[in-house]
1. Out of everything in the stretch 208-254 that is of a type in the set (V, I, T) and within 25 Å of Q9 (Cβ to Cβ), what residue ends up being modelled with the highest pLDDT?
2. Which condition number does G291 fail, the rest of (1) farther than 19 Å from V349 by Cα; (2) of a type in the set (G, A, S); (3) crowded, with 19+ Cβ neighbours inside 10 Å being met?
3. If the requirement is being small (G, A, S), touching a helix residue (DSSP H, G or I) at 6+ places or on another chain (Cβ under 7 Å), more than 28 Å from H233 (Cβ to Cβ) and at pLDDT 90 or above, which of these qualifies: G75, G11?
4. Please work out which residue is surrounded by the most Cβ atoms within 10 Å (Cβ to Cβ), limiting yourself to the stretch 8-22 and to residues that are among the small types (G, A, S) and either in the same structural domain as Q171 (by TED's automatic domain parsing) or over 13 Å from the mean Cα position of the chain (by Cα) (or both).
5. If a residue has to be surrounded by fewer than 19 Cβ atoms within 10 Å (Cβ to Cβ) and of a type in the set (A, V, I, L, M) to count, how many in the stretch 305-334 make the cut?
6. Are there any pairs with C-beta distances below 7 angstrom linking a residue in the stretch 339-351 that is at positive phi to a residue that is at pLDDT below 95 and among the polar types (S, T, N, Q), with the two at least 6 apart or on different chains, and if so which?
7. Being in contact (Cβ under 8 Å) with a residue 40 or more places away in the chain, under 30 Å from L290 (Cβ atoms) and outside the structural domain of R8 (by TED's automatic domain parsing) is the requirement here; does S202 meet it?
8. If we keep just the residues of the stretch 335-360 that are over 20 Å from G203 (Cα atoms) and of a type in the set (V, I, T), which is surrounded by the most Cβ atoms within 10 Å (Cβ to Cβ)?
Amino acid sequence: MALVSGPRQVGKTTACRSVVDSYLNWDNADDRRQLLRGPAALAETLQLHQLRAKPRVAVLDELHKHAKWKTLLKGFFDTYGKHVRLIVTGSSRLDVFRRGGDSLMGRYLLNRMHPWSVAECLRVDLPAREIHPPAEISPADWSALWEHGGFPEPFLRRDLRFTRRWRTLRQEQLSHEDLREVTQVQDLGVMETLMQILAERSGQQVVYSNLAQEINVATDTAKRWIDLLSRMHYGFLIRPWFANVAKALRKEPKWFLRDWNGLSDDGARAETFVACHLLKAVEGWTDLGLGNFELRYLRDKMKREVDFLVVRDRKPWFLVETKLSDTKISPSLACFQAQTKAAHAFQVVINLTYEAADCFQHRQPLVVPARTFLSQLL
(Lines give C-alpha, C1' and ligand atoms only; values in the text may rest on other atoms or scores of the structure.)
Protein backbone atom coordinates (compact mmCIF):
# COMPACT_ATOMS: atom_id res chain seq x y z
CA MET A 1 0.00 0.00 0.00
CA ALA A 2 0.97 3.61 -0.39
CA LEU A 3 0.14 6.06 2.40
CA VAL A 4 0.15 9.61 1.07
CA SER A 5 0.73 12.24 3.75
CA GLY A 6 1.04 15.99 3.42
CA PRO A 7 -0.35 19.40 4.37
CA ARG A 8 -4.03 20.17 4.07
CA GLN A 9 -5.02 21.34 0.56
CA VAL A 10 -1.71 20.34 -1.00
CA GLY A 11 -3.52 18.31 -3.69
CA LYS A 12 -3.22 14.72 -2.42
CA THR A 13 -6.73 13.61 -3.42
CA THR A 14 -6.66 15.31 -6.82
CA ALA A 15 -3.28 13.86 -7.73
CA CYS A 16 -4.15 10.32 -6.62
CA ARG A 17 -7.59 10.25 -8.28
CA SER A 18 -5.96 10.99 -11.63
CA VAL A 19 -4.19 7.59 -11.68
CA VAL A 20 -6.75 5.19 -10.14
CA ASP A 21 -9.63 2.97 -11.22
CA SER A 22 -11.76 3.29 -8.08
CA TYR A 23 -12.22 5.95 -5.42
CA LEU A 24 -13.95 5.66 -2.05
CA ASN A 25 -14.28 8.55 0.39
CA TRP A 26 -15.16 8.07 4.05
CA ASP A 27 -16.96 11.42 3.99
CA ASN A 28 -19.38 10.06 1.37
CA ALA A 29 -22.26 8.29 3.18
CA ASP A 30 -22.64 5.59 0.50
CA ASP A 31 -18.91 4.85 0.44
CA ARG A 32 -18.82 4.80 4.22
CA ARG A 33 -21.50 2.10 4.34
CA GLN A 34 -19.40 -0.10 2.05
CA LEU A 35 -16.28 0.42 4.13
CA LEU A 36 -18.09 -0.39 7.37
CA ARG A 37 -19.21 -3.75 5.98
CA GLY A 38 -15.61 -4.99 6.09
CA PRO A 39 -12.91 -6.36 3.77
CA ALA A 40 -15.12 -8.77 1.80
CA ALA A 41 -17.64 -6.06 0.96
CA LEU A 42 -14.84 -3.72 -0.03
CA ALA A 43 -13.37 -6.37 -2.33
CA GLU A 44 -16.81 -6.81 -3.92
CA THR A 45 -17.20 -3.07 -4.41
CA LEU A 46 -13.79 -2.93 -6.12
CA GLN A 47 -14.69 -5.96 -8.27
CA LEU A 48 -11.55 -7.82 -7.26
CA HIS A 49 -12.99 -11.23 -8.15
CA GLN A 50 -12.97 -10.44 -11.87
CA LEU A 51 -10.07 -11.64 -14.03
CA ARG A 52 -7.83 -8.71 -15.02
CA ALA A 53 -4.56 -8.33 -16.88
CA LYS A 54 -3.20 -6.13 -14.10
CA PRO A 55 -4.38 -5.29 -10.56
CA ARG A 56 -6.86 -2.48 -10.02
CA VAL A 57 -5.66 0.72 -8.40
CA ALA A 58 -7.94 2.14 -5.70
CA VAL A 59 -7.89 5.18 -3.42
CA LEU A 60 -9.39 5.19 0.07
CA ASP A 61 -9.70 8.82 1.13
CA GLU A 62 -10.10 10.15 4.69
CA LEU A 63 -10.17 6.56 5.97
CA HIS A 64 -8.41 7.51 9.20
CA LYS A 65 -11.74 8.95 10.43
CA HIS A 66 -12.91 5.34 10.82
CA ALA A 67 -12.15 4.31 14.42
CA LYS A 68 -10.83 0.90 13.28
CA TRP A 69 -9.21 1.94 10.02
CA LYS A 70 -5.95 0.11 10.67
CA THR A 71 -7.74 -3.17 11.41
CA LEU A 72 -9.78 -2.80 8.22
CA LEU A 73 -6.69 -2.10 6.11
CA LYS A 74 -4.67 -4.92 7.66
CA GLY A 75 -7.39 -7.50 7.08
CA PHE A 76 -8.17 -6.27 3.57
CA PHE A 77 -4.53 -6.11 2.46
CA ASP A 78 -3.59 -9.49 3.90
CA THR A 79 -6.50 -11.13 2.06
CA TYR A 80 -6.72 -9.20 -1.21
CA GLY A 81 -3.37 -7.43 -1.49
CA LYS A 82 -2.30 -9.41 -4.57
CA HIS A 83 -5.33 -8.21 -6.52
CA VAL A 84 -5.26 -4.47 -5.86
CA ARG A 85 -2.82 -1.57 -5.60
CA LEU A 86 -4.08 0.53 -2.71
CA ILE A 87 -3.46 4.23 -2.05
CA VAL A 88 -4.61 5.61 1.31
CA THR A 89 -4.85 9.39 1.42
CA GLY A 90 -6.21 11.92 3.83
CA SER A 91 -5.51 15.25 5.36
CA SER A 92 -2.32 15.92 7.28
CA ARG A 93 -3.88 14.05 10.20
CA LEU A 94 -3.10 10.72 8.54
CA ASP A 95 0.55 10.99 9.59
CA VAL A 96 -0.47 11.73 13.20
CA PHE A 97 -2.60 8.59 13.38
CA ARG A 98 0.05 6.50 11.59
CA ARG A 99 2.59 7.05 14.35
CA GLY A 100 0.67 5.47 17.19
CA GLY A 101 0.82 1.67 17.43
CA ASP A 102 1.75 0.88 13.84
CA SER A 103 0.01 -2.45 13.18
CA LEU A 104 0.46 -1.90 9.43
CA MET A 105 4.26 -2.10 9.57
CA GLY A 106 5.68 -3.87 6.53
CA ARG A 107 2.50 -3.43 4.51
CA TYR A 108 2.92 0.12 3.21
CA LEU A 109 5.36 2.76 2.00
CA LEU A 110 4.87 6.34 3.16
CA ASN A 111 4.99 9.06 0.50
CA ARG A 112 5.11 12.68 1.64
CA MET A 113 3.56 15.26 -0.65
CA HIS A 114 4.75 18.88 -0.70
CA PRO A 115 3.62 22.14 -2.32
CA TRP A 116 4.83 23.12 -5.78
CA SER A 117 8.52 23.91 -6.14
CA VAL A 118 10.77 25.53 -8.72
CA ALA A 119 11.92 22.15 -10.03
CA GLU A 120 8.34 20.86 -10.31
CA CYS A 121 7.47 23.82 -12.54
CA LEU A 122 10.19 22.53 -14.89
CA ARG A 123 9.76 18.73 -14.78
CA VAL A 124 7.47 16.13 -13.26
CA ASP A 125 9.32 12.88 -14.06
CA LEU A 126 10.80 10.80 -11.25
CA PRO A 127 14.54 11.46 -10.91
CA ALA A 128 17.16 8.75 -11.38
CA ARG A 129 19.53 10.70 -9.11
CA GLU A 130 19.31 13.54 -6.63
CA ILE A 131 20.58 16.52 -8.65
CA HIS A 132 19.20 17.67 -12.02
CA PRO A 133 20.95 19.85 -14.60
CA PRO A 134 19.91 23.50 -14.17
CA ALA A 135 16.92 24.87 -16.11
CA GLU A 136 15.27 28.28 -16.18
CA ILE A 137 11.85 28.76 -14.59
CA SER A 138 9.57 31.24 -16.35
CA PRO A 139 9.29 34.70 -14.73
CA ALA A 140 5.52 34.20 -14.32
CA ASP A 141 5.94 30.90 -12.43
CA TRP A 142 8.73 32.34 -10.26
CA SER A 143 6.60 35.36 -9.32
CA ALA A 144 3.60 33.12 -8.60
CA LEU A 145 5.66 30.90 -6.29
CA TRP A 146 7.11 33.85 -4.42
CA GLU A 147 3.88 35.85 -4.11
CA HIS A 148 1.23 33.13 -3.78
CA GLY A 149 3.11 30.12 -2.40
CA GLY A 150 3.29 26.56 -3.67
CA PHE A 151 -0.17 25.27 -2.71
CA PRO A 152 -2.05 24.45 -5.94
CA GLU A 153 -5.14 26.68 -5.65
CA PRO A 154 -3.46 30.05 -4.98
CA PHE A 155 -0.47 29.18 -7.19
CA LEU A 156 -2.69 28.43 -10.20
CA ARG A 157 -5.27 31.18 -9.54
CA ARG A 158 -2.60 33.88 -9.06
CA ASP A 159 -5.04 36.37 -7.60
CA LEU A 160 -3.81 38.20 -4.49
CA ARG A 161 -7.29 38.70 -3.01
CA PHE A 162 -8.09 35.01 -3.46
CA THR A 163 -4.73 34.02 -1.94
CA ARG A 164 -5.44 36.07 1.20
CA ARG A 165 -8.91 34.55 1.61
CA TRP A 166 -7.60 31.05 0.93
CA ARG A 167 -4.84 31.45 3.53
CA THR A 168 -7.31 32.65 6.18
CA LEU A 169 -9.69 29.76 5.46
CA ARG A 170 -6.89 27.19 5.62
CA GLN A 171 -5.72 28.58 8.96
CA GLU A 172 -9.27 28.33 10.34
CA GLN A 173 -9.66 24.75 9.11
CA LEU A 174 -6.40 23.74 10.75
CA SER A 175 -7.15 25.41 14.07
CA HIS A 176 -10.90 24.69 14.30
CA GLU A 177 -11.41 21.34 12.55
CA ASP A 178 -8.15 19.38 12.51
CA LEU A 179 -7.10 20.16 16.06
CA ARG A 180 -10.50 19.17 17.45
CA GLU A 181 -10.39 15.80 15.72
CA VAL A 182 -6.87 14.68 16.64
CA THR A 183 -6.01 16.28 19.96
CA GLN A 184 -7.07 16.29 23.58
CA VAL A 185 -6.25 20.00 23.87
CA GLN A 186 -8.83 21.59 26.14
CA ASP A 187 -8.11 25.25 25.45
CA LEU A 188 -8.00 25.57 21.68
CA GLY A 189 -7.89 29.36 22.04
CA VAL A 190 -4.41 29.12 23.57
CA MET A 191 -3.33 26.75 20.80
CA GLU A 192 -4.54 29.28 18.20
CA THR A 193 -2.48 31.96 19.94
CA LEU A 194 0.57 29.70 19.70
CA MET A 195 -0.10 29.22 15.98
CA GLN A 196 -0.24 32.99 15.48
CA ILE A 197 3.05 33.47 17.33
CA LEU A 198 4.75 30.74 15.29
CA ALA A 199 3.40 32.27 12.07
CA GLU A 200 5.27 35.47 12.92
CA ARG A 201 8.54 33.69 13.74
CA SER A 202 9.26 31.49 10.76
CA GLY A 203 13.02 30.97 10.47
CA GLN A 204 13.71 31.70 14.14
CA GLN A 205 14.99 29.46 16.90
CA VAL A 206 12.34 28.00 19.20
CA VAL A 207 12.99 28.61 22.90
CA TYR A 208 10.30 26.48 24.51
CA SER A 209 10.49 28.09 27.94
CA ASN A 210 9.96 31.57 26.49
CA LEU A 211 7.04 30.42 24.35
CA ALA A 212 5.49 28.66 27.33
CA GLN A 213 5.62 31.89 29.34
CA GLU A 214 4.02 33.86 26.50
CA ILE A 215 0.99 31.57 26.30
CA ASN A 216 0.99 30.68 30.03
CA VAL A 217 1.42 26.91 29.78
CA ALA A 218 4.04 24.46 31.02
CA THR A 219 7.22 24.07 28.96
CA ASP A 220 6.45 20.39 28.30
CA THR A 221 3.02 21.39 27.02
CA ALA A 222 4.53 23.91 24.61
CA LYS A 223 6.93 21.24 23.31
CA ARG A 224 4.10 18.76 22.85
CA TRP A 225 1.91 21.28 21.02
CA ILE A 226 4.68 22.35 18.65
CA ASP A 227 5.47 18.71 17.89
CA LEU A 228 1.77 18.16 17.13
CA LEU A 229 1.67 21.18 14.80
CA SER A 230 4.73 19.81 13.02
CA ARG A 231 3.11 16.40 12.53
CA MET A 232 -0.01 18.11 11.20
CA HIS A 233 2.21 19.92 8.67
CA TYR A 234 1.42 23.41 9.89
CA GLY A 235 5.17 23.93 10.01
CA PHE A 236 8.36 21.97 10.61
CA LEU A 237 11.38 21.97 12.89
CA ILE A 238 15.01 21.87 11.79
CA ARG A 239 17.47 20.74 14.43
CA PRO A 240 21.15 21.68 14.67
CA TRP A 241 23.76 19.28 13.33
CA PHE A 242 26.17 17.61 15.70
CA ALA A 243 28.21 14.46 15.28
CA ASN A 244 26.76 13.53 18.66
CA VAL A 245 22.99 13.16 18.12
CA ALA A 246 22.24 13.52 21.83
CA LYS A 247 23.68 17.03 21.77
CA ALA A 248 21.47 17.99 18.84
CA LEU A 249 18.38 17.01 20.79
CA ARG A 250 19.34 19.35 23.62
CA LYS A 251 19.74 22.42 21.42
CA GLU A 252 16.99 24.72 20.19
CA PRO A 253 15.49 23.85 16.80
CA LYS A 254 14.42 26.39 14.21
CA TRP A 255 10.77 26.68 13.21
CA PHE A 256 9.49 27.19 9.65
CA LEU A 257 5.97 27.55 8.28
CA ARG A 258 4.85 25.27 5.45
CA ASP A 259 3.39 28.26 3.57
CA TRP A 260 5.75 31.16 2.98
CA ASN A 261 3.37 33.51 1.14
CA GLY A 262 1.85 34.91 4.34
CA LEU A 263 5.17 36.24 5.68
CA SER A 264 5.44 40.02 5.53
CA ASP A 265 9.19 40.19 6.18
CA ASP A 266 11.07 39.48 2.94
CA GLY A 267 14.09 38.06 4.77
CA ALA A 268 11.95 35.55 6.67
CA ARG A 269 10.06 34.74 3.48
CA ALA A 270 13.30 34.09 1.59
CA GLU A 271 14.64 31.72 4.26
CA THR A 272 11.30 29.90 4.57
CA PHE A 273 10.99 29.66 0.77
CA VAL A 274 14.37 27.92 0.53
CA ALA A 275 13.69 25.79 3.64
CA CYS A 276 10.47 24.41 2.14
CA HIS A 277 12.27 23.54 -1.11
CA LEU A 278 15.07 21.79 0.78
CA LEU A 279 12.62 19.86 2.96
CA LYS A 280 10.76 18.67 -0.14
CA ALA A 281 14.07 17.54 -1.63
CA VAL A 282 15.38 15.63 1.39
CA GLU A 283 12.06 13.94 2.14
CA GLY A 284 11.46 13.17 -1.53
CA TRP A 285 14.91 11.67 -2.03
CA THR A 286 14.41 9.55 1.09
CA ASP A 287 10.95 8.36 0.01
CA LEU A 288 12.30 7.46 -3.44
CA GLY A 289 14.99 5.27 -1.88
CA LEU A 290 17.95 7.38 -3.02
CA GLY A 291 19.40 7.41 0.48
CA ASN A 292 18.70 8.64 3.99
CA PHE A 293 18.61 12.45 3.94
CA GLU A 294 18.19 15.02 6.71
CA LEU A 295 17.83 18.80 6.84
CA ARG A 296 19.75 20.51 9.66
CA TYR A 297 21.33 23.87 10.49
CA LEU A 298 24.66 24.89 12.05
CA ARG A 299 25.50 27.26 14.88
CA ASP A 300 28.53 27.36 17.18
CA LYS A 301 29.25 28.95 20.56
CA MET A 302 30.55 32.07 18.81
CA LYS A 303 27.08 32.43 17.22
CA ARG A 304 28.36 31.82 13.73
CA GLU A 305 25.54 30.23 11.79
CA VAL A 306 24.66 28.68 8.44
CA ASP A 307 20.97 28.40 7.65
CA PHE A 308 20.89 24.83 6.33
CA LEU A 309 22.95 21.67 6.07
CA VAL A 310 21.79 18.73 3.94
CA VAL A 311 23.02 15.44 5.35
CA ARG A 312 23.19 12.30 3.18
CA ASP A 313 23.55 8.93 4.93
CA ARG A 314 24.76 10.64 8.11
CA LYS A 315 27.47 12.61 6.28
CA PRO A 316 27.27 16.37 5.60
CA TRP A 317 26.72 16.94 1.88
CA PHE A 318 26.12 20.65 1.19
CA LEU A 319 25.62 23.90 3.10
CA VAL A 320 23.13 26.63 2.21
CA GLU A 321 23.06 30.23 3.43
CA THR A 322 20.03 32.21 2.21
CA LYS A 323 20.12 35.91 1.32
CA LEU A 324 17.58 38.20 -0.29
CA SER A 325 20.04 40.36 -2.25
CA ASP A 326 23.43 40.26 -0.47
CA THR A 327 26.16 38.85 -2.76
CA LYS A 328 29.01 39.32 -0.28
CA ILE A 329 29.75 35.73 0.67
CA SER A 330 29.28 34.79 4.31
CA PRO A 331 32.54 33.79 6.04
CA SER A 332 30.58 31.17 8.01
CA LEU A 333 30.24 29.04 4.86
CA ALA A 334 33.99 28.44 4.51
CA CYS A 335 34.37 27.97 8.26
CA PHE A 336 31.66 25.31 8.55
CA GLN A 337 32.59 23.64 5.26
CA ALA A 338 36.08 23.07 6.66
CA GLN A 339 34.68 21.69 9.91
CA THR A 340 32.04 19.41 8.40
CA LYS A 341 33.95 18.38 5.27
CA ALA A 342 30.80 19.07 3.23
CA ALA A 343 31.36 18.79 -0.52
CA HIS A 344 29.57 22.05 -1.41
CA ALA A 345 28.72 25.39 0.20
CA PHE A 346 26.23 27.80 -1.40
CA GLN A 347 25.05 31.29 -0.65
CA VAL A 348 21.64 31.24 -2.35
CA VAL A 349 20.47 34.73 -3.34
CA ILE A 350 16.78 35.21 -4.18
CA ASN A 351 17.08 38.34 -6.31
CA LEU A 352 19.89 37.20 -8.60
CA THR A 353 19.01 36.37 -12.21
CA TYR A 354 19.24 32.79 -13.48
CA GLU A 355 22.61 31.42 -14.59
CA ALA A 356 22.79 28.35 -16.84
CA ALA A 357 25.57 26.70 -14.83
CA ASP A 358 25.63 23.63 -12.60
CA CYS A 359 26.45 24.90 -9.11
CA PHE A 360 27.16 21.35 -7.90
CA GLN A 361 30.25 21.25 -10.12
CA HIS A 362 32.01 23.60 -7.68
CA ARG A 363 33.60 22.73 -4.36
CA GLN A 364 34.51 26.12 -2.93
CA PRO A 365 31.90 28.41 -1.26
CA LEU A 366 29.87 29.99 -4.05
CA VAL A 367 27.22 32.70 -4.50
CA VAL A 368 24.43 31.21 -6.65
CA PRO A 369 21.04 32.49 -7.86
CA ALA A 370 18.10 30.83 -6.13
CA ARG A 371 16.50 30.20 -9.53
CA THR A 372 19.53 28.12 -10.57
CA PHE A 373 20.06 26.26 -7.31
CA LEU A 374 16.40 25.37 -6.66
CA SER A 375 15.91 24.18 -10.25
CA GLN A 376 18.45 21.41 -9.60
CA LEU A 377 16.52 19.95 -6.64
CA LEU A 378 13.32 17.93 -6.50
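The values are calculated or read from the model by the stated rules, or taken from the named source; none is laboratory data. Worth saying up front: this structure is predicted, and the values here are computed from it rather than measured. Heads up, the Cβs are rebuilt from the backbone with ideal geometry, glycines too, and the neighbour counts pull from every protein chain shown.
1. Out of the qualifying residues, it is I238.
2. Failing condition for G291: (3).
3. Values: G11 fails: more than 28 Å from H233 (Cβ to Cβ).
Residue meeting the stated conditions: G75.
4. Once the filter is applied, the top-ranked residue is S22.
5. Matching residues across the stretch 305-334 total 3.
6. Within 7 Å, no pair qualifies.
7. On the way: in contact (Cβ under 8 Å) with a residue 40 or more places away in the chain: yes; under 30 Å from L290 (Cβ atoms): yes; outside the structural domain of R8 (by TED's automatic domain parsing): yes.
Judged against the criteria, S202 is a match.
8. Going residue by residue through the stretch 335-360, those that are over 20 Å from G203 (Cα atoms) are 335, 337-344, 352-360.
Right, trim to of a type in the set (V, I, T) and you get 340, 353.
Details: T340: 20, T353: 9.
Checked the stretch 335-360; the qualifying residue surrounded by the most Cβ atoms within 10 Å (Cβ to Cβ) is T340.
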